[in-house]
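The values are calculated or read from the model by the stated rules, or taken from the named source; none is laboratory data. None of these values were measured; they are calculated from a predicted model. In this analysis, Cβ positions are derived from the backbone assuming ideal geometry, glycine residues included, and neighbour counts consider all displayed protein chains.
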Amino acid sequence: MVDVNTIRTDEKALATLRTQLEKQVKKSWGKNKTKRLEEQVKLLNKKQFHVMAEYLHSNNTKIRQLIDMNRTMLVREEMKMKVSKTGMAMTGSYTKEFKGTIRKNGWLYADATNVSWDFMDSFEHLPAFFGFKVFPKAYRGTINFMGQIELTVTKHGYYLLGSRLPTHFKASIDGAGNVNMELNKSEWEVGNQFAHRLIADPFKGDDGKRMVFIRNKTEIQNAIHEARKDLL
């Protein structure tokens, strides 16, 4: 059960942090403090958004219907995820984590947020110690009713000569928003290229669903914003 008084207290704490950040940004010194405050604001703002969403889901019938509708529309037995952009790393060769969202055009984009480090791979993966290249074979993660997705590598493969650069994945999404993604196609490559961006159509060409999801997302977002504002 979400306590509205706790939400109100944290909203006031967030407002205080934002004021501190505004004052700090105007200063010509203390870059580390600025970054620390920015991270604190970002994390608390994210927490407050989802806590308020949970509160509205329990106490607002319309918002509950919109949230549940978006969750249902994202359920897929199979969704194609294509690598639309690659990157080159000096010290790593595959993506460990992806984060992204469904944008205003109704397509899902996820970018690499954590790339492997070959030196550490030699300790974490025995074949890498003997010169094998590591590549990703599977990821797991979550996607929420706003289309925000996070994926972490869970299974690896090994290749002695060169490596495998993923080009396509197959993903499934269940009713709780759990995502399982497996490597479907890859190509041989030499060097430290990695999958930098994934793109997918979560609605399988259904533009009607796409429009409804985006409309719901906007309405949920506005409702959360107004509810949080009313607490201050």
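Could you list, in sequence order, the residues of the stretch 155-182 that are in contact with a Phe, Trp or Tyr (Cβ under 6 Å, 6 or more places away or on another chain) and either of a type outside the set (Lys, Arg) or at pLDDT 95 or above (or both)? Those that are in contact with a Phe, Trp or Tyr (Cβ under 6 Å, 6 or more places away or on another chain) and either of a type outside the set (Lys, Arg) or at pLDDT 95 or above (or both): Gly157, Tyr158, Leu160, Gly162, Ser163, Met181.
Residue-level analysis places Val2 among those that are surrounded by 13 or more Cβ atoms within 10 Å (Cβ to Cβ), touching a Phe, Trp or Tyr at 6+ places or on another chain (Cβ under 9 Å) and either more than 12 Å from Leu231 (Cα to Cα) or not assigned by TED's automatic domain parsing to the domain that holds Val51 (or both). The residue pairs whose first member lies in the stretch 110-139 and is in the same structural domain as Gly100 (by TED's automatic domain parsing) and at pLDDT 85 or above, whose second member is among the small types (Gly, Ala, Ser) and surrounded by fewer than 16 Cβ atoms within 10 Å (Cβ to Cβ), and whose beta carbons are closer than 8 Å, counting only pairs six or more residues apart or on different chains, are Ala112/Gly87; Val115/Gly87.
Entry remark, the stretch 170-183: residues being within 11 Å of Ala138 (Cβ to Cβ) and of a type outside the set (A, V, I, L, M, F, W, C) number 3 in total. Among the residues of the stretch 212-230 satisfying the criterion of being among the β-branched types (Val, Ile, Thr) and in contact (Cβ under 8 Å) with a residue 60 or more places away in the chain, which is farthest from Glu54 (Cα to Cα)? For the stretch 212-230, the residue satisfying everything is Val212.
Residues in the stretch 8-40 that are more than 24 Å from the chain's Cα centre (by Cα) and in contact (Cβ under 8 Å) with a residue 60 or more places away in the chain: Arg8, Lys12, Ala15.
For the stretch 175-232, residues that are surrounded by 15 or more Cβ atoms within 10 Å (Cβ to Cβ) and not hydrophobic (A, V, I, L, M, F, W, C) total 17. Scanning the stretch 66-84 for residues that are part of a helix (DSSP H, G or I), hydroxyl-bearing (Ser, Thr, Tyr) and at pLDDT 95 or above turns up at least one hit.
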